[in-house]
Every structure is written in structure tokens, then in C-alpha cells.
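> This is the structure, below, for whatever I ask next.
The values are calculated or read from the model by the stated rules, or taken from the named source; none is laboratory data. What you see is a predicted model; the values in this text were computed from it and never measured. With ideal geometry, Cβ positions are generated from the backbone for all residues, glycine too; neighbour counts draw on all protein chains shown.
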Amino acid sequence: MSELLDLARSVRDHAAAGEEVEVVLGRSTSTSVKVYDGEVESLTSADAAGAGVRVLRDGRQGFAHCGSLDPEVLLETLAEARDNCAFGEPDEFNGLAVPDGVAPVPQDAWSEAVVAFPGEAKVAMALDLERRVRSVDPRVDGARTTAYGDGWGHTAIASTAGIEAEDRGASCSVSTQPLARDGDETQIGWAYDATRDPGLLDLDEVARDAVERATRLLGATKPPSGRRTILLEPRLAVTLLGIVAGMLSGEALIKGRTPFAERVGETIASPLLTLVDDPTRPESIAAESVDGEGLACRPNPLVRDGVLQGFLHNAYTARRAGTASTGSAVRGTRSLPGVGAQLLVMEPGTRSFEELIASIDDGLYVAGFAGLHSGVNPVSGDFSVGADGLLIRDGALAGPVRELTIASTLQRLLLDIREVGGDFEWLPGGDGACSLVIDDVAVSGA
């Protein structure tokens, strides 16, 4: 990896007197195989490389990027960023991240197994998954798409502020969308798995889960409207909390686009909820050692026992807010640093998913959201989204329902959490999550 870091250093060292310069380099390879009806629908493999260069002088900032690691092109990109800086608006809070003394937690995200996995094996795995999907249930006679994908890459960053860091990682995944049919009705399921070793991808579990999600909604009807207890499985629970985490970014704070401003230290959720953004967890496929500005990743408590702990910051938003960066910069080579959660982890409760269902007399097990991001107002917290799932009656799953709307506010949903499940799992996307039981939610149906 030192070759890439050496290249970043060499560009940084061309900084002129009085300039701050930051150079971010990236190199990656990816493969995608999609199959349909026993045939390869598409196979793509791509190599990518690029750089982003930031120049700051007298409070002005200029940025430029390129799709090459050629040294001459990189110096041209530096010159372009320098030119752009001259036209930038002065901002007293502009500046590079500076070392803060926090040591990175080393992460072993590289996988020779992914890199060495042959192309024919990738195709065979996708076809095998599709065959397994079709064999689970006679009501499933195909899949909209079934895929295998992988990727690996290296990044390096060097700046005149004393930042020097590099990272690399590799991962692979499989996914499928089976079609379940009953007469004229068709339902679509979806499931996936991701790991750092193709040999660890659980094709049987992906097929089973996807088919179950497709078949369990056959015959679904609209439920009667009313207020119900809702149950969110881990993947939906962390999806909901991911929206909350987005409202806890420094960018949302300084733009006045969060309902949680000025509430640090206040109770914003049930005392049962503890949520941490912790990219240092090696159990997760999303673990990272450094953020997008080269600072060490670290655990950042967002909510502890229902109390708001703070906001996530990169260097810029931290200066605007009068605080320190939380190592939460996110970016690519084609963009300036943003800020956001990197790896959300919920603290589990004690009871299993089955015990949670048994504790609900009249409720709804939500199987999926529709229009989640468009149905949430990030300023007010208003929440109105489509959903489908299974009714819960007297502690047992009942009939499937669809075409319903769940309406509330995120603030109310957080406060009405009745239980956090003990069914903690590391999701394929990297987050660590548990089920949530939320009381007294408006469900609109028939």
C-alpha cells in the first residue's frame, strides 16, 4: 500500500508557500454477475482509479478531481484546485483536519480469498443461488434477478496538516429477488449476504430468506385502520435509526435541518435505546480504521439510555459548531468530505424475536417499508411511509397485510419504544442491530 501513499505525499509536497493541500487517492476493482432463468444476463468487471485534491489559502477553498493516478495528471489536478481556490468564497471555518492524537484501531479488511476467486466460480455461484431459490417453494418459479458481486480497493490520504493514512479492503456479496405467484398475484422477495470470503456466503440461507419474504405476503389484504404496536426486525430497525443518525450529523446541525438541535443531554428516546456509531468493531464488514479526512475512527455514542449524547462531525462542521471532529468524515475521491454515521450498533435487550411476538396482543410485524426516505421530513421529523407485513394477534403471527401507511414522528417513535430485542445480529450491510417493539403507532389501511 505504501506506493499509493508515497504518490499522495509527492503531490502534497508540491504545495506552494501559504497553501494547505490535501490529496486523496483511490484504486479499486469490482465485478458484478447477474443471472436470469439459468443464463448469464450480464457480467461486468471494472478497474477504477482517481484522485481528489483540495487547496486552501486565506479561508478560500478549491477542489478538483481526476480519474487517473498518472503523476503528471495529478499535478495538473493540483493546479486546477489551486485555480479554483482563487475563486472560492472566504470562510473562516475552512481548513484541513489536523492530527488529534487518537490512534487508529487497525482493521484487517483485506481478503486474498476475494481477490483470488476466479471468474467462472463467480458465475457458478450466482447460477447456483438461482437454482436453490427455485427449489425452496413450488410457488416460486424464478427470480427477477440474482447476482454475485465483489470489490476491493486501496485508498491513501496525505496533507500539509500532517495527516498521512492509508487503508484497503475487500468484500463479496450475493443477492436475489424471487417471484412468488398464486393465481394472478405475484409477490417479490429479497435477501442478500456479504462477507470477506466467498466461501462463507450462505446461499441456502439467502434462498430461504428471500423465498419466505416473497411467499408470506401472498393473499395479503388491507388491514383496518387503528393504532397498533409495531415490531421491526433488525434490518428495518437499523434503517429507521439510520434516518435518525442522519439527523445527528454536524451538517444537519449547522444547516438547521434537524429536530434535535440544542437537545444534547436531553431524553429523546426510550431509556431502553442505546445507539453508537462505532466503525472500530472488527466483527463488522464495514469496520474502518480512518475516516475520509484521515483521522482515526472511534466509537461515537449517539443515544445512551435514551439520552442524546452528541452529533457527528468532520473538521469543517466541528469548527462551525465550536467542537472537535468525531472522525466521521465520509467521502470519495470525487467529493469534498461530508459527515455521517459509518457503522451503527444497537445495544441489545434480552428477549428473542419469538418472545417479542408473543408479548404483543394486537400488532403489526412490519416486513418492509415503501418510500421511507421520501416519507420522512428531516427537519420536523414527520414520518408517513407505506408498509407491508403480518398482523400479530394474541401473541402469534396472523394474516399478511399490504397497502398500509404508518404515520407518526420520529421523535414519538423513539419515545414509544417498548422493547429492544435480544436478537442482535451483524447485518450484511455492516450495522449491528436488534428488533424494536414500538407502541401506539397509527396504521392506516382499509
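Let's see how each residue does on (1) modelled with pLDDT of 95 or more; (2) in a loop (DSSP other than H, G, I, E, B); (3) not assigned by TED's automatic domain parsing to the domain that holds Asn94:
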site	(1), (2), (3)
Thr326	yes, yes, yes
Gln342	yes, yes, yes
Ile357	yes, no, yes
Ile360	yes, yes, yes
Ser380	no, yes, yes
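> Which one of these is of a type in the set (D, E, K, R), surrounded by 14 or more Cβ atoms within 10 Å (Cβ to Cβ) and more than 30 Å from the chain's Cα centre (by Cα): Glu80, Glu92?
Details: Glu92 fails: surrounded by 14 or more Cβ atoms within 10 Å (Cβ to Cβ).
None of the others qualify; the one that does is Glu80.
> What's the number of the condition Leu336 fails, among (1) touching an Asp or Glu at 6+ places or on another chain (Cβ under 9 Å); (2) part of a loop (DSSP other than H, G, I, E, B)?
If we test Leu336 against (1) touching an Asp or Glu at 6+ places or on another chain (Cβ under 9 Å); (2) part of a loop (DSSP other than H, G, I, E, B), just (1) comes out false.
> Next question. Only one of Gly399, Gly368 is among the small types (Gly, Ala, Ser) and under 30 Å from Asp150 (Cβ atoms); which? Even if it seems obvious, please write down each step before you answer.
Working: Gly399 fails: under 30 Å from Asp150 (Cβ atoms).
It is Gly368.
> Next question, about the same structure. Could you name every one of the strands (runs of 3 or more DSSP E) located completely within segment 99-209 that has at least 2 residues being closer than 30 Å to Arg331 by Cβ and among the aromatic types (Phe, Trp, Tyr)?
Correct list: 140-159.
> Residue under question is Asp277, and the condition is that it be under 21 Å from Val98 (Cα atoms), buried (at least 23 other Cβ atoms within 10 Å of the Cβ) and not small (Gly, Ala, Ser); does it hold?
Values: under 21 Å from Val98 (Cα atoms): no; buried (at least 23 other Cβ atoms within 10 Å of the Cβ): yes; not small (Gly, Ala, Ser): yes.
When the stated conditions are applied, Asp277 does not pass them.
> Right, next: Taking the residues in segment 289-324 that are among the hydrophobic types (A, V, I, L, M, F, W, C), under 17 Å from the mean Cα position of the chain (by Cα) and in a strand (DSSP E or B) as candidates, determine which candidate is surrounded by the fewest Cβ atoms within 10 Å (Cβ to Cβ). Give the derivation first.
Looking only at segment 289-324, we keep the residues that are among the hydrophobic types (A, V, I, L, M, F, W, C), and these are 290, 295-297, 302-303, 307-308, 311-312, 315, 318, 321, 324.
Still in the list and also under 17 Å from the mean Cα position of the chain (by Cα): 290, 297, 302, 312.
Next cut, in a strand (DSSP E or B) only: 290, 302, 312.
On the way: Val290: 21, Leu302: 25, Leu312: 28.
Out of the qualifying residues, it is Val290.
> Considering each of Arg168, Arg134, Arg139, Arg144 in turn, give the residue that is of a type in the set (D, E, K, R) and either under 30 Å from Asp13 (Cβ atoms) or not assigned by TED's automatic domain parsing to the domain that holds Val33 (or both). Spell out how you get there, then give the answer.
On the way: Arg134 fails: either under 30 Å from Asp13 (Cβ atoms) or not assigned by TED's automatic domain parsing to the domain that holds Val33 (or both); Arg139 fails: either under 30 Å from Asp13 (Cβ atoms) or not assigned by TED's automatic domain parsing to the domain that holds Val33 (or both); Arg144 fails: either under 30 Å from Asp13 (Cβ atoms) or not assigned by TED's automatic domain parsing to the domain that holds Val33 (or both).
Arg168 is the lone residue from the list that is of a type in the set (D, E, K, R) and either under 30 Å from Asp13 (Cβ atoms) or not assigned by TED's automatic domain parsing to the domain that holds Val33 (or both).
> Applying the selection to segment 37-96, what residues are of a type in the set (A, V, I, L, M) and assigned to a loop (DSSP other than H, G, I, E, B)?
Pass one, segment 37-96, residues of a type in the set (A, V, I, L, M): 40, 43, 46, 48-49, 51, 53, 55-56, 64, 69, 73-75, 78-79, 81, 86, 96.
Once the filter is applied, which keeps residues that are of a type in the set (A, V, I, L, M) and assigned to a loop (DSSP other than H, G, I, E, B), segment 37-96 yields Leu69, Leu96.
> If you check Asp58 against the conditions, is it more than 20 Å from Ser173 (Cα to Cα), loosely packed, with under 13 Cβ neighbours inside 10 Å and without any contact (Cβ under 8 Å) to a residue 60 or more places away in the chain? Let's see the steps before the verdict.
Details: more than 20 Å from Ser173 (Cα to Cα): yes; loosely packed, with under 13 Cβ neighbours inside 10 Å: yes; without any contact (Cβ under 8 Å) to a residue 60 or more places away in the chain: yes.
Yes; evaluated as a whole, the condition is true for this residue.
> For the condition modelled with pLDDT of 95 or more, of a type outside the set (Lys, Arg) and surrounded by fewer than 19 Cβ atoms within 10 Å (Cβ to Cβ), what is the one hit in Asp197, Asp184?
Asp197
> Which condition number does Glu262 fail, the rest of (1) buried (at least 21 other Cβ atoms within 10 Å of the Cβ); (2) without any contact (Cβ under 8 Å) to a residue 40 or more places away in the chain being met?
(1)
> I need the full set of residues from segment 152-192 which are within 30 Å of Asp47 (Cα to Cα) and basic (Lys, Arg), in order please.
Arg168, the sole residue that qualifies.
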